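The values are calculated or read from the model by the stated rules, or taken from the named source; none is laboratory data. Note that the coordinates shown come from a computational prediction; the quantities given were computed from them, not determined experimentally. Because the Cβ atoms are built from the backbone with ideal geometry, glycine has one as well, and the counts that use them run over all protein chains shown. Accessible surface areas use protein heavy atoms only, side chains included; no ligands, DNA or RNA. Shrake-Rupley method; radii C 1.70, N 1.55, O 1.52, S 1.80 Å.
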Amino acid sequence: MGDTRDWLEALYGQSPGYFALTAFSGGKPRLTKWYSTSDLDLADRGIRGTAKRADVYVSMATYAKPPVDERSRGRQSDVLSIPGFWADLDIGEAGHKPAALPHPPTEVAAMSIVESLPEPSMTLMSGGGLQAFWLF
C-alpha cells in the first residue's frame, strides 16, 4: 500500500471515532489536529500537506472524542479501538534519539527483523524507518 488514503482506510475504515495527526518539528510536537474516521479524505489531505513541512505522527488508536485541550494527543480512557499490532523500527542513527539497543543500520536489516515475525498485513517506509502492521 503506497497511497496514504488506502493506508488510512485499512487502519480506520471500520472504526468509529477520531484519530490524531501530530506534527513534530525540531523533535518537539508543534501541532495536533484531530480527524473523524468518517472523513478520511480530509485526513489524507491534512497528512499530505503537513508532511511537506514537518514530521507526521498519526495515532494508532481511535478515540471517542477529540480532547478539550487541542495540544493533547488523547487519553487512554477515551480509546475506542486499535486496528491491530504495529512495530516502528528506526533505521540508522541520523535523526533519531540514541536507543538502548542499536537501530538497524539499513532497510534490509530492518526487514530482516520483521521477516522473523508472522507476515505483516502491510509495511510502510516512513522516511526514517520501517513500520509494520498486523491488522485485526
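Within the straight-line cut-off of under 15 Å between alpha carbons, the aspartates and glutamates reachable from LYS65 are ASP39, ASP78, sequence neighbours fewer than 8 places apart in one chain being disregarded. Share of carbon and sulfur in the accessible area of the chain stands at 53%, probe radius 1.4 Å.
Each residue, ASP6 and ARG53, gets one label point 7 Å from its Cα in the Cβ direction; the gap between the two is 2.9 nm.
The helix-only estimate of mean residue ellipticity at 222 nm for the chain, built from DSSP H runs of length n ≥ 4 each weighted as -39500 (n - 2.57), is -6500 deg cm²/dmol after division by the residue total.
Per residue, the accessible area of the chain comes to 63 Å² when a 1.4 Å probe rolls over the protein heavy atoms.
Could you work out the Kirkwood radius for the chain, taking every pair of different alpha carbons, averaging 1/r and inverting it, reported in Å? Mind dumping the intermediate values first?
Values: mean 1/r = 0.0631 Å⁻¹.
Mean inverse Cα-Cα distance, inverted, gives 15.9 Å.
What's the FRET efficiency of SER116 with PHE136 using the Cβ-Cβ distance as r and R₀ = 25 Å, to the nearest 0.05? Kindly include the intermediate steps, with their values, before the conclusion.
Values: r = 21 Å, r/R0 = 0.85.
The pair SER116/PHE136 has a calculated efficiency of 0.75.
So for the chain, averaging the separation of alpha carbon pairs under 8 Å that are six or more residues apart and normalising by length, what relative contact order in percent results?
Numbers: 216 pairs, mean separation 29.2, N = 136.
RCO, the chain: 21 percent.
Rounded, prolate or oblate for the range 1-71? Axes are the square roots of the Cα gyration tensor eigenvalues, ordered a ≥ b ≥ c, and the cut-off for rounded is a/c under 1.5.
Values: a/c = 2.12, a/b = 1.18, b/c = 1.80.
Oblate shape, in that a/c is at least 1.5 and b/c is the bigger or equal ratio.
When each of the peptides 23-31, 4-12, 82-90 is scored by the mean number of other C-beta atoms lying within 10 Å of its residues, the order from highest to lowest reads 4-12, 82-90, 23-31. Amide H contacts under 5 Å for ILE91: GLY129, LEU130, restricted to partners 5 or more places along the chain or on a different chain, H placed in the peptide plane at 1.01 Å from N. Take the Cα of ALA109, step 7 Å toward its Cβ, do the same at SER38, and the gap between the two points is 4.7 nm.
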